[in-house]
1. State whether the stretch 3-149 is rounded, prolate or oblate according to the following rule on the C-alpha gyration tensor (a ≥ b ≥ c being the square roots of its eigenvalues): a/c under 1.5 gives rounded; otherwise a/b larger than b/c gives prolate, and the remaining case gives oblate.
2. How much of the DSSP bridge set in the chain is antiparallel, in percent, rounded to the nearest 5?
3. Any idea what the dipole of the stretch 50-111 comes to, in debye rounded to 20, about its Cα centre with Lys/Arg Cβ at +1 and Asp/Glu Cβ at -1?
4. Build a GNM of the chain with springs between Cα atoms under 10 Å: which of Asn220, Asn155, Asn138 gets the top mean-square fluctuation?
5. Loop by DSSP (not H, G, I, E, B), at most 12 other beta-carbon atoms within 10 Å: where is the longest site-free stretch of the chain for GluC sites (Glu not before Pro)?
6. Dipole of the chain (Lys/Arg Cβ +1, Asp/Glu Cβ -1, origin at the Cα centre): which of Leu357, Ala106, Val57 lies farthest to the positive side?
7. Can you list the lysines whose alpha carbon sits under 24 Å from that of Lys119, skipping same-chain ones fewer than 8 residues off?
8. Given contacts defined as C-alpha pairs under 8 Å and at least six residues apart, what's the relative contact order of the stretch 3-149, whole-number percent?
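Please treat every number below as a calculation from the coordinates, not as lab data. Everything quoted here is computed from the prediction, not taken from an experiment. Note that each Cβ is placed from the backbone with ideal geometry, even for glycine, and that neighbours are counted across all protein chains shown.
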Amino acid sequence: MTKRLTLLGSTGSIGESTLDVIARHPERFSVYALTAHRNGDKLVAQCLRFRPEVAVVGDAQTAAQIETQLRAAGCATDVSYGPQALVDVSKSDGCDTVVAAIVGAAGLAPTLAAAVAGKRILLANKEALVMSGAIFMNAVRDHGATLLPVDSEHNAIFQCLPRDVSAHGGVAKIILTASGGPFRTREPATLADVTPDEACKHPNWVMGRKISVDSATMMNKGLEVIEAHWLFGLPGERIEVLIHPQSVIHSLVSYADGSVLAQLGNPDMRTPIAHALAYPERVESGVAQLDLAQIASLSFEKPDYERFPCLALAMQALADGGVASAALNAANEVAVDAFLARRIGFMDIAQTVSAVLDAIPNRRPDGLDDVLEADASARRAARELIASSAHLGHHADRANLTRRAVQ
């Protein structure tokens, strides 16, 4: 049967790659809803090609503009806007599969709604698990939803685990690989002068600006460690990060008998997207076959926490539990926005996150409201800190930050 998809975040890099795979298999997939924030022109073009029943945007003005353009082109797609509209299309009977590709905390509510509605969820939004891991996983279990990871690292782990993931099959540990981003070999002392454009020049992947900065700080990998904990049920001490600059091995699973299984492929997000879309079958994704002879060599190294303090902070937040991960994510989103706006420096991102984690009381959340409260409190604290400190580095010692994070 044809799968009917709601694509949350269709104009981002994951969304565009998903639509590319869908277009290759019109007999398998159709689009029920497309959503974007304010990228109206791109969303209009997508609607004209895929003819969804519904399109959702962030605000009324963008919705009116899109509706005018669609009607002029003879497209009958219904247009709505706002957070509730995102929730509505995620739980609608019109779709059976939800691709969760909205970056940031904005993706939490609609993805959780999809879980409660028992949908098949292709998860590319880390924040649903980073912010509310236990709540989200309980919703998946209690409502019979199916959860398939789309992030290349988690999809790789999923492929290397036994089909009955809950049994763990003698798994000793899982190893998330990381490219190391654009600053893998740069001297840490020079990172304070990094510009937003430099931080967004990822050596292997084409991504949005926010996630590109997260890759440069390796906060992205820290969030993936937290996500892996909830997806695969392993404690933080059995989840490792290994820098692999070629981005050919996307992650590995180490077994008790000494075996290590790895998933390899060219660095193209269409591979894990196609795997999740068609699972348990496999379909053509448009990605070229891997030529190992041409690559010739693969290299690995351990991450340097002085260069990547955000990674250490994320691992500490996982160890702390409670709402620490939600606070970490919220503070990071605010700090990255400030860096991209050139209001703080690159290394001030980690300083901001560390200061917020120290300031926000940690507690075990009783429900989603507690998570959202911690998120809001962390955002307020981060904004106040950024507004009051022209140079955060003058107010914190970076070596102490690193020691605190990895203790």
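1. Details: a/c = 1.93, a/b = 1.52, b/c = 1.26.
The shape class here is prolate.
2. Numbers: 11 of 41 bridges.
Antiparallel bridges make up about 25 percent of those DSSP assigns within the chain.
3. Details: 3 positive and 7 negative charges, 27 e Å.
Dipole magnitude for the stretch 50-111 comes out near 120 debye.
4. Answer for the Gaussian network model of the chain: Asn138.
5. On the way: sites that count: Glu27, Glu281, Glu284.
Here the longest segment lacking exposed loop sites spans 28-280.
6. It is Val57, whose Cα lies furthest towards the positive end.
7. Once the sequence-local lysines are set aside, what remains near Lys119 is Lys3, Lys91.
8. Values: 295 pairs, mean separation 31.4, N = 147.
Here the relative contact order equals 21 percent.
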